[in-house]
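Enquirer: Structure below; questions to follow.
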Amino acid sequence: MKRSLAHNSLTLQLGSLTLLFGSMTLLFGGLVFVGLVSGCGGGGGGDGSGILFEGTLTQGSEETHQRLAHGANEPLEEVDVCALGECSRTDIEGRWGFVADDTFTGGPVEFHVVGHGIDSTWVLEVPHGSSSIMLELVNRTDGVHPESLMADGVAVEVEHTHVHDEDGSTEASHDHSHE
C-alpha cells in the first residue's frame, strides 16, 4: 500500500512537471510568434517605420482614353503604382499603398504608373520628415498627374515633373494646388 501511494505521488509530480513544461513551451512559442509578427511591421518596407505612401487612381473627367473602359472620375483597378523600389496594384476602388524603406526621409521621388494602357513616369517632391503621404492620382490623355497631396494630413502644394522615357527629357513642373 505504501509503495502504491509513493508511486501515485511520483506519477502526480511527474504529471505536474509535464504540464508545467508544456505550458512554458506554449508561452515561449507564443512570445516568439508575437515578436516575429511585431518585428516585421505587418508587411513590406523594412521595419514599418518608413513613409507610408497611399492614394487613389481615377480617370480624368474631361479626357477619354481609348484603351480604358472607364468613365470620368471612375477608379482604375489593376494598375501598378511604383516608387522607391516598392509597387502596389490598385484595387477595384482604385486604392493603392506601400511603405517606403526607412532610409528615405523626403525629397524628389520618381513614380511610375503602368497598366491598362497607362505608362506614365513623373517626379514628385515629397516633404522632408513626413510619415504619411496621401496622393490622389488622375489619368489624363497626357499621362497620370498627382491631383492632390497631403503630408501627415496637411494639404501640400503639388509640384511634379513628367519624365519622357524615350530620351530621358523632362517637362516643366506643374502646380495642381487647390487653395
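The values are calculated or read from the model by the stated rules, or taken from the named source; none is laboratory data. All values reported here derive from a predicted model rather than from experimental measurement. We place every Cβ from the backbone using ideal geometry, glycine too, and count neighbours over all the protein chains shown.
Enquirer: Working only within the stretch 147-160, note down all residues that are modelled with pLDDT of 75 or more and not charged (D, E, K, R).
Expert: Once the filter is applied, which keeps residues that are modelled with pLDDT of 75 or more and not charged (D, E, K, R), the stretch 147-160 yields Ser148, Leu149, Met150, Ala151, Gly153, Val154, Ala155, Val156, Val158.
Enquirer: Any idea which of Thr121, Thr90 is among the polar types (S, T, N, Q) and within 16 Å of Pro75 (Cα to Cα)?
Expert: Matching residue, one of Thr121, Thr90: Thr90.
A quick yes/no check of all residues on (1) modelled with pLDDT under 95; (2) surrounded by 12 or more Cβ atoms within 10 Å (Cβ to Cβ); (3) within 20 Å of Thr161 (Cβ to Cβ):
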position: His70; (1), (2), (3): yes, yes, no
position: Val79; (1), (2), (3): no, yes, no
position: Glu110; (1), (2), (3): no, yes, yes
position: His116; (1), (2), (3): yes, yes, no
position: Gly143; (1), (2), (3): yes, yes, yes
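Enquirer: Could you name every one of the strands (runs of 3 or more DSSP E) located completely within the stretch 90-138 that has at least 2 residues being in contact (Cβ under 8 Å) with a residue 12 or more places away in the chain, assigned by TED's automatic domain parsing to the domain that holds Glu78 and under 16 Å from the mean Cα position of the chain (by Cα)?
Expert: Output list reads 95-99, 107-115.
Enquirer: Kindly evaluate Cys87 against the criterion of being modelled with pLDDT of 95 or more and surrounded by fewer than 17 Cβ atoms within 10 Å (Cβ to Cβ).
Expert: In short, yes.
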